[in-house]
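Asker: Pasting a structure here, questions to come.
The values are calculated or read from the model by the stated rules, or taken from the named source; none is laboratory data. Given the structure is predicted, the values throughout are model-derived calculations rather than measurements. Virtual Cβ from ideal backbone geometry, glycine too; neighbours counted across all protein chains shown. These accessible areas exclude ligands, DNA and RNA; they are computed on the full protein's heavy atoms, side chains included. Shrake-Rupley method; radii C 1.70, N 1.55, O 1.52, S 1.80 Å.
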Amino acid sequence: MIADGLGGRRIAVTGATGFLGTALVERLLRAVPDCEVLPVVRPGRRAGAAERVRRDILRNDAFDRLRREWGDRFDDEIARRLRPLGGDVSVDGLGLSDEDRASLAGVDVVIHSAAAVSFDSPIDGAVAVNLLGPSRVAQVLGAAGSTAHLVAVSTA
């Protein structure tokens, strides 16, 4: 069972602000005991990664069930089990700070679900994310000597 294999593990998720990524983060927090989830989120112009996680992930209706189940413990559980990393799969090195690079290197699993899914997006942006993104994630992990499992979700 997946929950047994991932329980207590540190799991990074790219693309966490997207449809699939948000659902994945919620499901990991709800169904995998004591896992820690590290969403890799591109900082915005006005908001850092942590603020984007609060605004674009945690306020999503997908978290209504967790809010009901955890009740008053919701904020404490989120603070304990969710640690946003500021990163961008469209740039070499993922644009990670030294601290966030070390955190990513220490995870057990990386689920790479970041993607440009618009069929009319500029080709250079789609290539940077969809084609080069998985390679960049693997390069950062490899350069850090990480033994994390990398799961790449394809838009195909």
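Asker: Condition first: without any contact (Cβ under 8 Å) to a residue 12 or more places away in the chain and of a type in the set (D, E, K, R). Now tell me which residues in region 1-53 satisfy that.
Answerer: Selection gives ASP4, ARG27, ARG45, ARG46, GLU51.
Asker: Filter region 107-156 down to residues that are among the acidic types (Asp, Glu) and part of a loop (DSSP other than H, G, I, E, B) and give me whichever is least open to solvent (accessible area, probe 1.4 Å).
Answerer: ASP108
Asker: Taking region 85-106 on its own, how many of its residues are in contact with a helix residue (DSSP H, G or I) (Cβ under 9 Å, 6 or more places away or on another chain), assigned to a helix (DSSP H, G or I) and of a type in the set (A, V, I, L, M)?
Answerer: Result for region 85-106: 3.
Asker: Restricting to region 98-132, name every residue that is modelled with pLDDT under 95 and under 18 Å from GLY44 (Cα atoms).
Answerer: Matches in region 98-132: ALA114, ALA115, ALA116, GLY125, ALA128, VAL129.
Asker: Of these, GLY87, GLY106, GLY7, which one is of a type outside the set (S, T, N, Q) and in contact with a Gly (Cβ under 8 Å, 6 or more places away or on another chain)?
Answerer: None of the others qualify; the one that does is GLY87.
Asker: Looking at region 64-83, I want the residues that are touching a residue at least 40 places away in the same chain (Cβ under 8 Å) and have a partner that is in a helix (DSSP H, G or I) and open to solvent by 60 Å² or more (accessible area, probe 1.4 Å) with Cβ atoms under 6 Å, at least 6 apart or on another chain. Which pairs are those?
Answerer: Listed pairs, sorted by first residue: LEU66/ARG30.
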